[in-house]
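The values are calculated or read from the model by the stated rules, or taken from the named source; none is laboratory data. Just so we're clear, the structure is a prediction, and the values are computed from it rather than from any experiment. Counting neighbours? That spans all protein chains shown, and the Cβs are built from the backbone with ideal geometry, glycine included. Only protein heavy atoms, including side chains, enter the accessible area calculation; ligands, DNA and RNA are left aside. Shrake-Rupley method; radii C 1.70, N 1.55, O 1.52, S 1.80 Å.
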Amino acid sequence: MLVPKYDLFVFDWDGTIMDTTEPIAAGICHAFVKLGYPDPGMQAARSVIGLDWRKAILTLQPSFRFEEYSAFEEAYRSFYIAKEQSIGIFPGLENLLRKMKAAGLRLAIATGKSRRGLDRVFAQTGIGDLFEVTVTADESAGKPNPLMIQMISDATGVDISQMVMIGDTEHDLWLAKNAGCAAVAVSYGAFPKSELKKWKVPVVDNVQQLASALGLDELLDS
């Protein structure tokens with residue numbers, strides 16, 4: 001019988017479940033250039049994935065004029081959504097998530113996406129039913145403010161100390177630290193492995209390693 005290490009498994013979405021890192025970063029660069037700002041470059045754009053939009057924009061361009069926010073969002077969306085339709089879940093991850101759900105484990109999402117964006121990718125991937133609670137950036141304070149985790153705790157009745165946050169960026173790890181829960185980092189998303197390893201949490205390269213870090217090896221062996 002599976003005895004889980006945690007009572008609730010909280011996943012980030014972009015770069016953790018869905019392979020969206022490169023098109024998101026490219027869309028951010030495209031939007032800045034479209035509005036006449038300097039191209040921040042892909043590395044810098046990747047570094048703000050997971051933050052709420054306003055914080056991400058100001059991090060890359062402190063002089064951004066927020067009366068242009070709607071135009072920025074539209075330029076980004078027109079670029080990104082066309083590419084999103086051909087993006088999938090990371091190989092093997094849907095299988096792990098479905099086996100976790102079938103084993104009675106509890107899953108949640110804490111994402112920098114908007115509710116509209118999360119609903120769109122749920123419709124595309126068909127895995128929204130695996131998660132009992134989902135919190136988006138426009139429903140909460142953005143990462144790394146601990147409010148997302150606190151809201152998930154309130155909705156599920158699970159103590160934060162019994163949760164684990166799984167994500168691909170330092171924003172996810174800060175979120176976990178600020179909230180007071182465990183964390184596991186995946187190295188295949190937005191942040192380089194060298195940066196994630198500084199946090200002294202498990203850093204995994206693939207789904208098999210993720211299952212091991214979460215104490216779920218036997219799910220993939222079954």
Among the residues listed as Ala155, Ala176, the single one being under 19 Å from Leu107 (Cβ atoms), in a helix (DSSP H, G or I), open to solvent by 20 Å² or more (accessible area, probe 1.4 Å) and in contact (Cβ under 8 Å) with a residue 12 or more places away in the chain: Ala155
Please verify whether Glu94 is open to solvent by 20 Å² or more (accessible area, probe 1.4 Å), closer than 29 Å to Cys29 by Cα, part of a helix (DSSP H, G or I) and at pLDDT 95 or above, treating the condition exactly as stated. no
The range 69-91 - residue that is charged (D, E, K, R) and surrounded by 15 or more Cβ atoms within 10 Å (Cβ to Cβ) and, of those, nearest to Lys193 (Cα to Cα): Glu84
What tally of residues in the range 40-68 results from selecting those that are over 28 Å from Leu173 (Cβ atoms) and loosely packed, with under 15 Cβ neighbours inside 10 Å? 4
The range 115-136: number of residues that are in contact (Cβ under 8 Å) with a residue 12 or more places away in the chain, within 17 Å of Asp19 (Cα to Cα) and not aliphatic (A, V, I, L, M): 4
Can you spot a residue in the range 63-71 that is of a type outside the set (Asp, Glu), in contact (Cβ under 8 Å) with a residue 60 or more places away in the chain and either within 21 Å of Gly167 (Cβ to Cβ) or assigned to a helix (DSSP H, G or I) (or both)? no
Residues that are open to solvent by less than 20 Å² (accessible area, probe 1.4 Å), in a loop (DSSP other than H, G, I, E, B) and under 16 Å from His171 (Cα atoms), drawn from the range 128-147: Thr136, Gly142, Lys143
Checking Asp12 against (1) of a type outside the set (Gly, Ala, Ser); (2) surrounded by 15 or more Cβ atoms within 10 Å (Cβ to Cβ); (3) more than 22 Å from Thr136 (Cα to Cα), which single condition isn't satisfied? (3)
Residues that are within 18 Å of Thr111 (Cα to Cα), among the polar types (S, T, N, Q) and touching a helix residue (DSSP H, G or I) at 6+ places or on another chain (Cβ under 7 Å), drawn from the range 21-75: Thr21
Candidate set from the range 186-222 (those that are farther than 17 Å from Gly92 by Cβ and either hydroxyl-bearing (Ser, Thr, Tyr) or in a helix (DSSP H, G or I) (or both)); member that is least open to solvent (accessible area, probe 1.4 Å): Leu196
Of the residues that sit in the range 28-60 and are in contact (Cβ under 8 Å) with a residue 60 or more places away in the chain and of a type in the set (Gly, Ala, Ser), which one is nearest to Ser70 (Cα to Cα)? Gly50
Out of all the residues in the range 107-127, is one or more buried (at least 18 other Cβ atoms within 10 Å of the Cβ) and touching a His at 6+ places or on another chain (Cβ under 8 Å)? yes
Mind listing whichever residues of the range 137-152 are among the acidic types (Asp, Glu) and free of Cβ contacts under 8 Å to residues at least 40 places away in the same chain? Glu139
Close pairs (9 angstrom Cβ cut-off, 6 or more residues apart or separate chains): more than 23 Å from Pro146 (Cβ to Cβ) in the range 183-211, modelled with pLDDT under 95 and crowded, with 18+ Cβ neighbours inside 10 Å anywhere: Ala211/Leu219
